[in-house]
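Asks: Following this message is one structure expressed as structure tokens.
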Amino acid sequence: MILIVAEHTAGKLAKATLEMVTAARESGREGPITLLVLGQNVAAVATESAAVADQVLVADLPGLATYNAEVWAAATTQIAQEGEAHTVIIGGSRSGREYAPRVAVKLDAAYLEDATKLSSNGAALQAQRYTYLARVTETVEADGLVVVTVKPGSFAPAAPAAAAGEQYDVELSLPAPRVEVTGKSVEKSSRVALTEADVIVTGGRGVGSPENFSRYVEALADNLGAGVGATRAVVDAGWRPYAEQVGQTGKTVQPKAYIALGVSGAVQHLSGMGKSKNIIAINKDAEAPIFKVADYGIVGDINEIVPALIEASRK
Ligand code: FAD
């Protein structure tokens, strides 16, 4: 079977999980697509999972209330062994990349990290991933048992399957974790998370100042119910928090519409948003590389164009 560890937050299945299901469907590997739901009070997540998977294994336990790398690695390994999984797919989130290598070691499996595409080459699982500052896409492959992490935003979210998969409760023997999470503070934002957003408005250095970022980028995003993104230049300048950075060293996104204001389109930025369905760019330089990937482009000054867009979007 293909075992996917579901990602979920606040009782809802994350978009990243639907992307992993697409990765599994495209992998060409055989066997039922099985979602493993780890957590506490996860009945709603399990039901959402059943809509896209052949089967869902549910471990609803107090010991799984909070993510812990040792516990997640042990649980995933146990289920992979019991179900004789040949492919284990884990999200390329910070936590996924923390415990996935542990699972690979425990299973004595090959480990493919940060896949942006999956396919089969005979018996081998083939993955594509970025390297050399995302200037090079390399293809790697491994035979037999493989653990793979999937780069968020690289696959389209899976549509529901024809029939809902069966749900099964599973027993786990969990280790006592050596590392304990003793506190958590969650950044409060009324805006949709970047990796979940259908529309993203991103500002680059061309926006001019942190004040203009609020005036133009945030205002347009709020009128459109969109997420807010930033280039690294803007984050490095301290205008915006790192959580908003899109690109090779930030988030990878694939929204239905990506609106880039004053963004030059450096290769490291494009690697994080180049797969967006529609890219709309506004830049005063007609030669800016962003126009090479844009579906719609306006050559002009943000200070003149964006206020009109904000006014139009308010209506
Ligand atoms: P600039 O390149 O300075 O572009 C500003 C644009 O605004 C220009 O095209 C200009 O014509 C336009 N402009 C200026 N004024 C106006 C105006 N009034 N109206 C309209 N247009 C205007 N970058 C990322 O974004 N994400 C990453 O994750 C990332 N990772 C990196 C990793 C490495 C290892 C390295 C080396 C670099 C990385 N970078 C990343 C940085 C990247 O190379 C670029 O420097 C950065 O993306 C440029 O940001 P920018 O487009 O905001 O700024």
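Asks: On the given criteria, is Ile310 hydrophobic (A, V, I, L, M, F, W, C), assigned to a helix (DSSP H, G or I), over 17 Å from Leu194 (Cβ atoms) and near the ligand (Cβ under 9 Å from one of its atoms)? Step through it out loud before you land on a result.
Replies: On the way: hydrophobic (A, V, I, L, M, F, W, C): yes; assigned to a helix (DSSP H, G or I): yes; over 17 Å from Leu194 (Cβ atoms): yes; near the ligand (Cβ under 9 Å from one of its atoms): no.
When the stated conditions are applied, Ile310 does not pass them.
Asks: I've got another one for you. Go through region 14-27 and give me each residue that's in contact with a Leu (Cβ under 9 Å, 6 or more places away or on another chain) and either within 19 Å of Tyr99 (Cβ to Cβ) or at pLDDT below 95 (or both).
Replies: Scanning region 14-27 gives Thr17, Met20, Ala23, Ala24.
Asks: Right, something else. Considering region 102-117 alone, what residues qualify as being over 22 Å from Val21 (Cβ atoms) and not hydrophobic (A, V, I, L, M, F, W, C)? Reasoning before the result, please.
Replies: Restricting attention to region 102-117, the residues satisfying the condition of being over 22 Å from Val21 (Cβ atoms) are 102, 105-106, 108.
Once the filter is applied, which keeps residues that are over 22 Å from Val21 (Cβ atoms) and not hydrophobic (A, V, I, L, M, F, W, C), region 102-117 yields Arg102, Lys106, Asp108.
Asks: Something else: Filter the strands (runs of 3 or more DSSP E) completely within region 162-279 down to those with at least 2 residues that are crowded, with 18+ Cβ neighbours inside 10 Å and among the aliphatic types (A, V, I, L, M). Please lay out each step first, then the result.
Replies: Working: elements: 166-169, 199-203, 227-230, 257-261.
Counting at least 2 such residues, we get 199-203, 227-230, 257-261.
Asks: Another one. Hey, could you check region 25-47 for residues that are in a helix (DSSP H, G or I) and crowded, with 21+ Cβ neighbours inside 10 Å and say which is farthest from the chain's Cα centre (by Cα)?
Replies: Looking at residues that are in a helix (DSSP H, G or I) and crowded, with 21+ Cβ neighbours inside 10 Å, I get Ala46.
Asks: Identify the residue in region 108-129 that is free of Cβ contacts under 8 Å to residues at least 24 places away in the same chain and hydrophobic (A, V, I, L, M, F, W, C) and, among all such residues, is most open to solvent (accessible area, probe 1.4 Å). Can you show your working first?
Replies: First pass over region 108-129, keeping only residues free of Cβ contacts under 8 Å to residues at least 24 places away in the same chain: 121-124, 126-129.
Now drop any that are not hydrophobic (A, V, I, L, M, F, W, C), which leaves 123-124, 127.
Values: Ala123: 79, Ala124: 5, Ala127: 4 Å².
Selected residue: Ala123.
Asks: Quick test of your reading of the structure: Val299 fulfils all but one of (1) within 7 Å of the ligand (Cβ to nearest atom); (2) in contact with a Phe, Trp or Tyr (Cβ under 9 Å, 6 or more places away or on another chain). Name the failing condition by number.
Replies: The single condition Val299 does not satisfy is (1).
Asks: Taking region 6-23 on its own, how many of its residues are of a type in the set (Ser, Thr, Tyr), open to solvent by less than 20 Å² (accessible area, probe 1.4 Å) and either over 20 Å from Ala80 (Cβ atoms) or in a strand (DSSP E or B) (or both)? Lay out the reasoning, then the answer.
Replies: Just the residues of region 6-23 that are of a type in the set (Ser, Thr, Tyr), to begin with: 9, 17, 22.
Cutting the leftovers down to open to solvent by less than 20 Å² (accessible area, probe 1.4 Å) gives us 17, 22.
Add one more test, that the residue is either over 20 Å from Ala80 (Cβ atoms) or in a strand (DSSP E or B) (or both), and what stays is 22.
Summing the residues that are of a type in the set (Ser, Thr, Tyr), open to solvent by less than 20 Å² (accessible area, probe 1.4 Å) and either over 20 Å from Ala80 (Cβ atoms) or in a strand (DSSP E or B) (or both) in region 6-23 gives 1.
Asks: Still on this structure: Are any of the residues in region 290-307 without any contact (Cβ under 8 Å) to a residue 60 or more places away in the chain, buried (at least 18 other Cβ atoms within 10 Å of the Cβ) and part of a loop (DSSP other than H, G, I, E, B)?
Replies: Yes: region 290-307 contains one or more residues that are without any contact (Cβ under 8 Å) to a residue 60 or more places away in the chain, buried (at least 18 other Cβ atoms within 10 Å of the Cβ) and part of a loop (DSSP other than H, G, I, E, B).
Asks: Could you figure out which of (1) among the polar types (S, T, N, Q); (2) more than 10 Å from Leu3 (Cα to Cα); (3) open to solvent by less than 10 Å² (accessible area, probe 1.4 Å); (4) out of contact with any Gly (no Cβ under 9 Å at 6 or more places or on another chain) isn't true of Thr76?
Replies: (2)
Asks: Against the condition more than 21 Å from Glu304 (Cα to Cα), among the aliphatic types (A, V, I, L, M) and without any contact (Cβ under 8 Å) to a residue 60 or more places away in the chain, how does Ala221 come out, does it pass?
Replies: Working: more than 21 Å from Glu304 (Cα to Cα): no; among the aliphatic types (A, V, I, L, M): yes; without any contact (Cβ under 8 Å) to a residue 60 or more places away in the chain: yes.
No: the conditions fail for Ala221.
Asks: Also, I was wondering about something else. Considering region 249-277 alone, what residues qualify as being free of Cβ contacts under 8 Å to residues at least 24 places away in the same chain and either among the hydroxyl-bearing types (Ser, Thr, Tyr) or within 19 Å of Leu220 (Cβ to Cβ) (or both)?
Replies: Those that are free of Cβ contacts under 8 Å to residues at least 24 places away in the same chain and either among the hydroxyl-bearing types (Ser, Thr, Tyr) or within 19 Å of Leu220 (Cβ to Cβ) (or both): Thr249, Lys277.
The values are calculated or read from the model by the stated rules, or taken from the named source; none is laboratory data. Worth saying up front: this structure is predicted, and the values here are computed from it rather than measured. Note: ideal-geometry Cβ built from the backbone for every residue, glycine included; neighbour counts use all protein chains shown. Side chains are part of the model used for accessible areas, which takes the heavy atoms of the whole protein and leaves out ligands, DNA and RNA. Shrake-Rupley method; radii C 1.70, N 1.55, O 1.52, S 1.80 Å.
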